[in-house]
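Notes follow once the structure below has been shown.
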Amino acid sequence: DQSGLAYSVGTTLDRFIKLKQSDFPFASGELSQLLRDIALAAKIVNRETTRAGLSNIGGAFGQVNVQGEEQQKLDVIANIRFMRALSKGGEVCAIVSEEEDSVIDLQNSSGKYVVAIDPLDGSSNIDVNISIGTIFSIYRRKTTVGSPILKEDIMQAGREQVAAGYVLYGSSTMLVYTTGCGVNGFTYENSLGEFFLSHPDIKAPETGQIYSVNEGSQLEWEQGILDYVNQCKREKFSARYTGSLVADFHRNLLKGGIYLYPATEKNPSGKLRLLYEANALAYIAEQAGAKATDGHQRILDIIPTSLHQRTPLFTGSAKMVLEVEKFLKASKV
Ligand code: P6P
């Protein structure tokens with residue numbers, strides 16, 4: 001932290017953002033404001049998720065989103081809340097959301113940033129009170145005038161991200177994000193309505209004993225994945241899979257471990273979305289000394305070709321990700 005100003009556990013998110021802003025000598029505060037706008041929406045969605053069972057907003061909303069999945073009411077509410085916070089905040093020119101078929105152009109010519117977001121991932125877990133999450137990526141638009149352009153501004157490779165993060169609505173609600181200078185985690189204190197720095201400078205263990213995969217699709221995996229998971233079993237690793245990507249990713253980031261979503265018959269390109277799921281977690285992983293690959297290349301190097309494209313995702317402790325790639329290569333010879 002070149003600012004020289006000390007921050008410590010217990011620093012509020014607002015103060016932390018201000019302190020870290022000085023890491024960017026030319027920062028004019030827009031990215032800081034955008035991060036605050038996201039934190040605000042997270043506070044509102046947090047309140048909704050904790051009440052889901054009570055105010056009868058759980059359960060399917062009846063509509064089907066672009067993913068062909070039943071939209072839970074909370075999905076819709078989270079999408080509305082983040083859209084509203086981002087458009088009101090004034091820093092964003094366009095949004096890609098899992099809940100929207102096409103790009104939302106905010107008609108904001110002064111907005112320098114593009115946000116890709118999954119407002120509420122793992123929403124099938126809402127009704128059974130399992131942790132859910134928000135995942136977001138932030139890019140600077142490349143063009144400087146007129147409406148943002150799909151190829152140049154919206155579908156940028158993950159390595160172009162200027163910031164990324166997730167909110168985990170779990171036993172406590174956490175905001176974890178990076179702006180390219182490491183990863184920091186903040187825990188929400190409901191009674192004060194503030195996020196406080198609780199996990200400064202998160203570094204992922206370089207290996208671990210936890211693997212997270214839906215073994216129900218084992219018969220559909222390519223041989224290398226099967227070989228790797230069998231190796232995990234020989235080494236008596238623990239299987240931990242909540243069905244909620246953010247929860248599994250966060251636990252593995254802190255304790256060491258790997259999350260795998262390979263290609264399956266149902267999802268031949270994997271299930272997870274590149275723009276608003278894999279890229280954000282891949283940026284955080286690498287900033288914390290971990291890795292994220294599609295089995296052959298860094299997630300962050302994938303050049304997007306469509307808005308909602310899927311990718312296989314193997315992410316977590318660096319040595320474990322390298323091991324998966326080794327097994328995939330070995331199974332092809
Ligand atoms: P499956 C939730 O729908 C999600 O996008 C991730 O949060 C989760 O890890 C995965 O899909 C679960 O998918 O096929 O194992 O049910």
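Which residue is surrounded by the most Cβ atoms within 10 Å (Cβ to Cβ), if the candidates are limited to region 104-153 and must be closer than 22 Å to residue 90 by Cα and of a type in the set (Asp, Glu)?
It comes out as 118.
Do we find a residue being of a type outside the set (Ser, Thr, Tyr), farther than 26 Å from residue 123 by Cβ and free of Cβ contacts under 8 Å to residues at least 12 places away in the same chain anywhere in region 184-193? Give the steps one after another, and end with the answer.
Here is the first cut: in region 184-193, the ones of a type outside the set (Ser, Thr, Tyr) are 184-186, 189-190, 192-193.
When the remaining residues are screened for being farther than 26 Å from residue 123 by Cβ, the result is 184, 192.
Then keep just the ones that are free of Cβ contacts under 8 Å to residues at least 12 places away in the same chain; that gives 192.
Scanning region 184-193, I find at least one residue that is of a type outside the set (Ser, Thr, Tyr), farther than 26 Å from residue 123 by Cβ and free of Cβ contacts under 8 Å to residues at least 12 places away in the same chain, so the answer is yes.
Restricting the search to region 274-324, which residues are surrounded by 19 or more Cβ atoms within 10 Å (Cβ to Cβ) and without any contact (Cβ under 8 Å) to a residue 60 or more places away in the chain?
Selection gives 286, 291, 292, 293, 294, 310, 311, 312, 313, 314.
Any chance region 226-239 includes a residue that's within 23 Å of the chain's Cα centre (by Cα), open to solvent by 10 Å² or more (accessible area, probe 1.4 Å) and more than 10 Å from the ligand (Cβ to nearest atom)?
Within region 226-239, one or more residues are within 23 Å of the chain's Cα centre (by Cα), open to solvent by 10 Å² or more (accessible area, probe 1.4 Å) and more than 10 Å from the ligand (Cβ to nearest atom).
Taking the condition of a type in the set (Val, Ile, Thr), under 20 Å from residue 32 (Cβ atoms) and modelled with pLDDT of 95 or more, does residue 96 pass?
No, not satisfied.
Please determine, by comparing only the residues of region 241-252 that are under 13 Å from the mean Cα position of the chain (by Cα) and open to solvent by 10 Å² or more (accessible area, probe 1.4 Å), which one is nearest to the ligand (Cβ to nearest atom).
Of everything passing the filter in region 241-252, 247 is nearest to the ligand (Cβ to nearest atom).
Report yes if some residue within region 205-218 is open to solvent by 50 Å² or more (accessible area, probe 1.4 Å), under 20 Å from residue 170 (Cβ atoms) and within 16 Å of the ligand (Cβ to nearest atom); otherwise report no.
There is at least one residue in region 205-218 that is open to solvent by 50 Å² or more (accessible area, probe 1.4 Å), under 20 Å from residue 170 (Cβ atoms) and within 16 Å of the ligand (Cβ to nearest atom).
Which number in (1) within 16 Å of the ligand (Cβ to nearest atom); (2) within 23 Å of residue 103 (Cα to Cα) marks the one condition that residue 264 misses?
Every condition holds for residue 264 apart from (2).
Across region 304-333, what is the number of residues that are outside any helix (DSSP H, G or I), on the phi < 0 side of the Ramachandran plot and modelled with pLDDT of 95 or more?
13
Looking at region 102-129 only, could you name the residues that are in contact (Cβ under 8 Å) with a residue 60 or more places away in the chain and either in a loop (DSSP other than H, G, I, E, B) or more than 16 Å from the ligand (Cβ to nearest atom) (or both)?
Of the residues in region 102-129, the ones in contact (Cβ under 8 Å) with a residue 60 or more places away in the chain are 102-103, 112-113, 115-122, 124-127, 129.
Answer for region 102-129, where residues must be in contact (Cβ under 8 Å) with a residue 60 or more places away in the chain and either in a loop (DSSP other than H, G, I, E, B) or more than 16 Å from the ligand (Cβ to nearest atom) (or both): 102, 103, 112, 113, 115, 122, 129.
Looking at region 130-147 only, could you name the residues that are touching a residue at least 40 places away in the same chain (Cβ under 8 Å) and in a strand (DSSP E or B)?
132, 133, 134, 135, 136, 137, 138
Answer yes if at least one residue in region 253-260 is under 25 Å from residue 133 (Cα atoms), surrounded by fewer than 23 Cβ atoms within 10 Å (Cβ to Cβ) and in contact with a helix residue (DSSP H, G or I) (Cβ under 9 Å, 6 or more places away or on another chain), and no otherwise.
Checking region 253-260: at least one residue is under 25 Å from residue 133 (Cα atoms), surrounded by fewer than 23 Cβ atoms within 10 Å (Cβ to Cβ) and in contact with a helix residue (DSSP H, G or I) (Cβ under 9 Å, 6 or more places away or on another chain).
Could you please find all residues in region 233-261 being without any contact (Cβ under 8 Å) to a residue 40 or more places away in the chain and hydrophobic (A, V, I, L, M, F, W, C)?
Within region 233-261, 237, 239 qualify.
Using the structure shown, decide if residue 202 is aliphatic (A, V, I, L, M), more than 13 Å from the ligand (Cβ to nearest atom) and either open to solvent by 50 Å² or more (accessible area, probe 1.4 Å) or in a loop (DSSP other than H, G, I, E, B) (or both). If you could, list the steps in order and put the result at the bottom.
Numbers: aliphatic (A, V, I, L, M): yes; more than 13 Å from the ligand (Cβ to nearest atom): yes; either open to solvent by 50 Å² or more (accessible area, probe 1.4 Å) or in a loop (DSSP other than H, G, I, E, B) (or both): yes.
When the stated conditions are applied, residue 202 passes them.
The values are calculated or read from the model by the stated rules, or taken from the named source; none is laboratory data. Quick caveat: nothing in here was measured; it's all calculated off a predicted structure. A quick note on method: Cβ atoms are made from the backbone with ideal geometry, for glycine too, and the neighbour counts reach across all protein chains shown. In case anyone asks, the SASA skips ligands and DNA or RNA and just uses the protein heavy atoms, side chains included. Shrake-Rupley method; radii C 1.70, N 1.55, O 1.52, S 1.80 Å.
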